[in-house]
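Each remark here refers to the structure printed beneath this line.
The values are calculated or read from the model by the stated rules, or taken from the named source; none is laboratory data. Because the structure is a prediction, the values reported are computed rather than measured. Positions of Cβ are backbone-derived with ideal geometry, glycine not excepted, and every protein chain shown enters the neighbour counts. Heavy atoms of the whole protein, side chains included, go into the accessibility calculation; ligands, DNA and RNA do not. Shrake-Rupley method; radii C 1.70, N 1.55, O 1.52, S 1.80 Å.
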Amino acid sequence: MMAVWARHVSRWGCLLSAARAAALPRRLRSGGCPARACRAFARVAVLPAAKEVVLGRLPAYRQVSVGSCSPPDSAKDGSFSSPESNLPSVQQGQAKPEILPDPNAEILDEDWDDIPPSSALEAISEEEAVQIIAEPLLPIQSSTLRDYVDHSETLAKLVHLGVDLSQVEKRQKAGQLLLTLDFEKDVKKILLFLKDVGVEDNQLGPFLTKNPYILGEDLEALETRVAYLKSKKFLKSEIAQMVSRAPYLLLFSVERLDNRLGFFKNELGLSVKKTKDLVIRLPRLLTGKIEPVKENLQVCQIELGFQRNEIQQIVCKTPKILTASKKRLKQTFDYLHNIMGIPHHMLTRFPQVFNSKLLRIRERHMFLAFLGRAQYDPAQPSYISLDQLVSLPDEVFCSEIAKASMQDFENFLKTL
C-alpha cells in the first residue's frame, strides 16, 4: 500500500511541475518580478532532475536559457527599468523558448481519477474510530421473526399493515417464506389482488396473519380460482365474504373446490342454490377436512335418529352442526330429547338450539320446571319456543318468559 501511495505522490509532483513550467513564459511576459520567476523556474527544473522521484518516468524538457537570475543593480537602490529591459536578450535566428512536456503527462492526467480507495487495513485515528457506527449483524438463525424486521423491508411493511408476526412464526415454514419474498416483486401484487377480490384494507393484516402462505402463490393460479367461483354464479360480494371468513379458500385448486361443492350437493341432496347458500354461510366447509363432516352426518342419521330430509333442513338452517363436536352434539340432543321431551320435528324447526351451551339450556329449563312453566308443546297454552329458551338475555328471559325477577333466578341457581 505504501508503494502505491508513493507512486501517486510522485505523479502529482510531476504534474504540478509541468503546470508551473508551462505558466513561466506568461509570468515573464506579464512583467512580473524576473527574480521571482527565475526562482520558480529553478524549482521546476530541479524536480524532473531528481531521479529518485520516479525511475523511468521522468518528464523531459528542452533546456531553455533565461539569462542571469540575479536581480539588476537598479533593484538594489529601489528603482526598476522597463520590463523589456529586464528580459534576456534573444538572437533573431534563435527559436523561441518552449517547454515540451513528456507525452507521459497525458497518461498521468488520465490516471488522476484512478486513485485506489482507502484500504480496510489503513490505520485511523481514535477520533475517527469512535465516529464509526457499525450496523447490527443479521442473525444466521433465530426462533423469532422479530430479529429480522430491521433487516427486511418485506417484514417491516407487513408489520405496518397489521400482520402479527408472533402468530405467523408459529405456522410451519411461514417465517422462512416471508424472509425469501421481495415486497415489490412478490408481495405487492398479491395485496392488490386481495383488494380487488374484496378484502378490506383493515382486514389485510388479520387475513395475512391467518394465511401468510398466499403471498407465495402464483398470481395466475389465484385469479383462475376466483374465475371458477364466478363461473358458479357466486357474486363478487359473496366471494369477498367467503375469502375473508375462510382465508385458506384460495389456496385450493379448482378441482378441489369443484369436488367439495359436488360432495355437499350430492351427499345432502341439495339444489345448486342451497349448496351455494350453505358454503357462503360457512365457507370453511370448502377448506376443512371432510371426514368430520361425514362423521357428523352419520351421527345425526344413525345415533340421533333424524331422517334425510330433516338433516337437510337442520344443515341449511345451522351449517355449524356439520363441524360441531360429536360428543357435544350427542349430549345436547340427549338432554333436549330425553330429559326435556322435545321431539325430532321440533328440533328440526329450531336447530339453533344445538349451538347453545348445554349448561345454559339446563339452568333455564330447570328454573322453568321449578316455576311450572316448562311447556314446549306449541299446541298447549303458555308455550315456550326453543328459540326463546336459549336466545334471550337473562333479564328478558326472566321478565317475559319465566315471569320472575332476576333475583329469583340468581337465588335458584345457587341451589343447583
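Yes or no, residue by residue, for (1) in a helix (DSSP H, G or I); (2) within 35 Å of the chain's Cα centre (by Cα); (3) not aliphatic (A, V, I, L, M):
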residue	(1), (2), (3)
ASP258	yes, yes, yes
GLU267	yes, no, yes
ASP277	yes, no, yes
GLY288	no, yes, yes
ASN296	yes, no, yes
ILE302	yes, no, no
PHE306	no, no, yes
Exercise for the section: Given the conditions (1) assigned to a helix (DSSP H, G or I); (2) touching a helix residue (DSSP H, G or I) at 6+ places or on another chain (Cβ under 8 Å), report the number of the one that ILE342 does not fulfil. Expected result: (1)
Completion exercise
Note on segment 383-404: residues open to solvent by 50 Å² or more (accessible area, probe 1.4 Å) and more than 21 Å from GLN352 (Cα to Cα) are SER399, LYS403
Handout entry: In segment 213-228, the residues that are in a helix (DSSP H, G or I) and closer than 25 Å to ALA174 by Cβ
Key = TYR213, ILE214, LEU215, GLY216, LEU219, GLU220, ALA221, LEU222, GLU223, THR224, ARG225, VAL226
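Residue by residue, here is whether (1) surrounded by 15 or more Cβ atoms within 10 Å (Cβ to Cβ); (2) under 19 Å from VAL187 (Cβ atoms); (3) in contact with a His (Cβ under 6 Å, 6 or more places away or on another chain); (4) free of Cβ contacts under 8 Å to residues at least 12 places away in the same chain holds:
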| position | (1), (2), (3), (4) |
| --- | --- |
| PRO206 | yes, yes, no, no |
| ASP218 | no, yes, no, yes |
| LYS230 | no, no, no, yes |
| ILE239 | yes, no, no, no |
| MET242 | yes, no, no, no |
| ARG245 | no, no, no, no |
| TYR248 | yes, yes, no, no |
| LEU251 | yes, yes, no, no |
Completion exercise
Within segment 323-336, residues free of Cβ contacts under 8 Å to residues at least 12 places away in the same chain and either within 50 Å of the chain's Cα centre (by Cα) or surrounded by 15 or more Cβ atoms within 10 Å (Cβ to Cβ) (or both) come out as SER325, LYS327
Handout entry: Single condition ILE302 does not satisfy, out of (1) free of Cβ contacts under 8 Å to residues at least 24 places away in the same chain; (2) buried (at least 16 other Cβ atoms within 10 Å of the Cβ); (3) among the β-branched types (Val, Ile, Thr)
Key = (2)
